[in-house]
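Peer 1: Take a look at the following structure, please.
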Amino acid sequence: MAVLGPGGVGGLLGTLLARQGHAVTCLARPGTAAQIERHGLRLASDRYGEVTATASGAERLTGPVDACLVTPKATRLEEALERLPAPVLGDAVVVPLLNGLEHMALLRQRYPAARVVAGSIRVVASRTAPGVVRHEGALAAVQLTPGAEALADALAGAGVDVAVRPDEAGLLWDKLCFLAPVALLTTTHDAPLGVIREQQGDDLRALVEEVAAVARADGAVADAGATLAFAQSVPGGMTSSMQRDAASGSETELEAIGGAVLRAAQRHGVDVPVTTRVVTALRARLS
Ligand SMILES: NC(=O)c1ccc[n+]([C@@H]2O[C@H](COP(=O)([O-])OP(=O)(O)OC[C@H]3O[C@@H](n4cnc5c(N)ncnc54)[C@H](OP(=O)(O)O)[C@@H]3O)[C@@H](O)[C@H]2O)c1
């Protein structure tokens, strides 16, 4: 199988799959591809321990694969897809694990013969060097919609918690209903969730309610009360990758997360004044 963009998410899953004996080809930029081709993948994980696994590194897919995990950040997705030619990919299973929604349409338009199956992952993992990943904590949970059974079995066999659920909209929005409010507010205030809960409680509530309303309009079952209760229960030190990226001057997934919520709200005629205010201010600050 192939992994396009072997960073925190792709490198973790690629390492675990390769350790189980699956032939894994990592499609990456030249330096990262060469590093993986020479030295394989490396993982330091609280859950899986220290793992080194043999994998191939390549700049472009040149032969058939059963399945491809798509794991660059949203900001790099279009350029990364150049490494995955549609005629070579053929009718393979394609599973993106990016946060957001809009990559699904892009992939289906670009790979009409492939089986694009929705996926999401709950994990804390970061790429510390090319082909090297640090995985913090025990969380490594993937959700997939039906159609990627062999990949689901392979991931479960590799030690990942895997669940298959039928509702694509629910799978994608479940993640976003919590992530979007938390990412947008922690980034706006450059503060962890505990501070947001204490000092920006009204905005947190409004954002959670607005995003849930958009999710419902888009076909998902979304319960703002449950999301708020969950947001109250997680450790106050929680930060978001959008906040960390903004603080370090890196590109953020603002458009894939906040922008996607606004576009879906507009499509469905849902009023989202607080989300609009917060995303507009972040667009101005981060552009
Ligand atoms: N990390 C997490 O804990 C986590 C949890 C849940 C969801 N997610 C979501 O998963 C997605 C991936 O996040 P991530 O944290 O894994 O990102 P990441 O660590 O930055 O990894 C992205 C990978 O994409 C590669 N890449 C960039 N441009 C490329 C190109 N043109 N061609 C091929 N590869 C390219 C990077 O290569 P180099 O190694 O060469 O830089 C990097 O290995 C995001 O949508 C994120 O929101 C992440």
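Peer 1: Please specify each residue of the range 250-268 satisfying the condition of being open to solvent by less than 70 Å² (accessible area, probe 1.4 Å) and in a loop (DSSP other than H, G, I, E, B). Talk me through it step by step, then tell me what you get.
Peer 2: Just the residues of the range 250-268 that are open to solvent by less than 70 Å² (accessible area, probe 1.4 Å), to begin with: 250, 252-254, 256-262, 264-265.
Answer for the range 250-268, where residues must be open to solvent by less than 70 Å² (accessible area, probe 1.4 Å) and in a loop (DSSP other than H, G, I, E, B): 250, 252, 253.
Peer 1: Does the range 163-181 contain any residue that is open to solvent by less than 40 Å² (accessible area, probe 1.4 Å), touching a Gly at 6+ places or on another chain (Cβ under 8 Å) and closer than 14 Å to residue 232 by Cβ?
Peer 2: Within the range 163-181, not a single residue is open to solvent by less than 40 Å² (accessible area, probe 1.4 Å), touching a Gly at 6+ places or on another chain (Cβ under 8 Å) and closer than 14 Å to residue 232 by Cβ.
Peer 1: Evaluate the following for residue 140: is it out of contact with any Pro (no Cβ under 6 Å at 6 or more places or on another chain) and assigned to a helix (DSSP H, G or I)? Break it down into steps so the answer makes sense when it comes.
Peer 2: Working: out of contact with any Pro (no Cβ under 6 Å at 6 or more places or on another chain): yes; assigned to a helix (DSSP H, G or I): no.
The answer is no for residue 140.
Peer 1: Only one of these is more than 16 Å from the ligand (Cβ to nearest atom), in the same structural domain as residue 279 (by TED's automatic domain parsing) and not acidic (Asp, Glu): 219, 249. Name it.
Peer 2: On the way: 249 fails: more than 16 Å from the ligand (Cβ to nearest atom).
Exactly one residue qualifies, and that residue is 219.
Peer 1: In the range 57-80, how many residues are within 18 Å of residue 151 (Cβ to Cβ) and assigned to a strand (DSSP E or B)?
Peer 2: Looking only at that region, the number is 4.
Peer 1: Here is a further query. Take residue 192 and tell me if it is more than 23 Å from residue 269 (Cα to Cα) and open to solvent by 50 Å² or more (accessible area, probe 1.4 Å). Please lay out each step first, then the result.
Peer 2: Numbers: more than 23 Å from residue 269 (Cα to Cα): yes; open to solvent by 50 Å² or more (accessible area, probe 1.4 Å): no.
For residue 192, the condition - more than 23 Å from residue 269 (Cα to Cα) and open to solvent by 50 Å² or more (accessible area, probe 1.4 Å) - is not met.
Peer 1: If you check residue 155 against the conditions, is it in a helix (DSSP H, G or I), out of contact with any Gly (no Cβ under 8 Å at 6 or more places or on another chain) and surrounded by 24 or more Cβ atoms within 10 Å (Cβ to Cβ)?
Peer 2: Yes, satisfied.
Peer 1: Please pick out the residue among 83, 108, 127 that is outside the structural domain of residue 184 (by TED's automatic domain parsing) and in a strand (DSSP E or B).
Peer 2: Numbers: 83 fails: in a strand (DSSP E or B); 108 fails: in a strand (DSSP E or B).
From the options 83, 108, 127, the qualifying one is 127.
Peer 1: Sort out which residues of the range 86-101 are surrounded by 16 or more Cβ atoms within 10 Å (Cβ to Cβ) and assigned to a loop (DSSP other than H, G, I, E, B), and write them in order of number. Show your work before the answer.
Peer 2: Step one: filter the range 86-101 for residues surrounded by 16 or more Cβ atoms within 10 Å (Cβ to Cβ), giving 89, 92-101.
Those that are surrounded by 16 or more Cβ atoms within 10 Å (Cβ to Cβ) and assigned to a loop (DSSP other than H, G, I, E, B): 92, 97, 98, 99, 100, 101.
Peer 1: Quick one: in the range 96-151, of everything that is of a type in the set (Asp, Glu) and touching a residue at least 60 places away in the same chain (Cβ under 8 Å), which residue is nearest to residue 42 (Cα to Cα)? Can you show your working first?
Peer 2: Here is the first cut: in the range 96-151, the residues of a type in the set (Asp, Glu) are 102, 136, 149.
Still in the list and also touching a residue at least 60 places away in the same chain (Cβ under 8 Å): 102, 136.
Working: 102: 31, 136: 14 Å.
Checking each candidate, the answer is 136.
Peer 1: What are the residues in the range 196-220 that are among the aliphatic types (A, V, I, L, M) and outside any helix (DSSP H, G or I), if any? Outline the logic, then answer.
Peer 2: As a first pass, look at the range 196-220 and keep what is among the aliphatic types (A, V, I, L, M): 196, 204, 206-208, 211-215, 217, 220.
220, the sole residue that qualifies.
Peer 1: Next up: Taking residue 12 and the conditions (1) crowded, with 20+ Cβ neighbours inside 10 Å; (2) in contact with a helix residue (DSSP H, G or I) (Cβ under 8 Å, 6 or more places away or on another chain), which numbered condition does it fall short on, given that it satisfies the others?
Peer 2: (2)
Peer 1: Moving on. I'd like the full set of residues that are part of a loop (DSSP other than H, G, I, E, B) and of a type in the set (A, V, I, L, M), limited to the range 1-31. Walk me through how you get there before you give the answer.
Peer 2: Taking the range 1-31 first, the residues part of a loop (DSSP other than H, G, I, E, B) are 1, 5-7, 20-24, 28-29.
Answer for the range 1-31, where residues must be part of a loop (DSSP other than H, G, I, E, B) and of a type in the set (A, V, I, L, M): 1, 23, 24, 28.
The values are calculated or read from the model by the stated rules, or taken from the named source; none is laboratory data. A quick note: this is a predicted structure, and the numbers were derived from the prediction, not measured. Every residue, glycine as well, gets a Cβ built from its backbone with ideal geometry; the counts of neighbours run over all protein chains shown. Please note that ligands, DNA and RNA were not included when accessible areas were found on the heavy atoms of the full protein model with its side chains. Shrake-Rupley method; radii C 1.70, N 1.55, O 1.52, S 1.80 Å.
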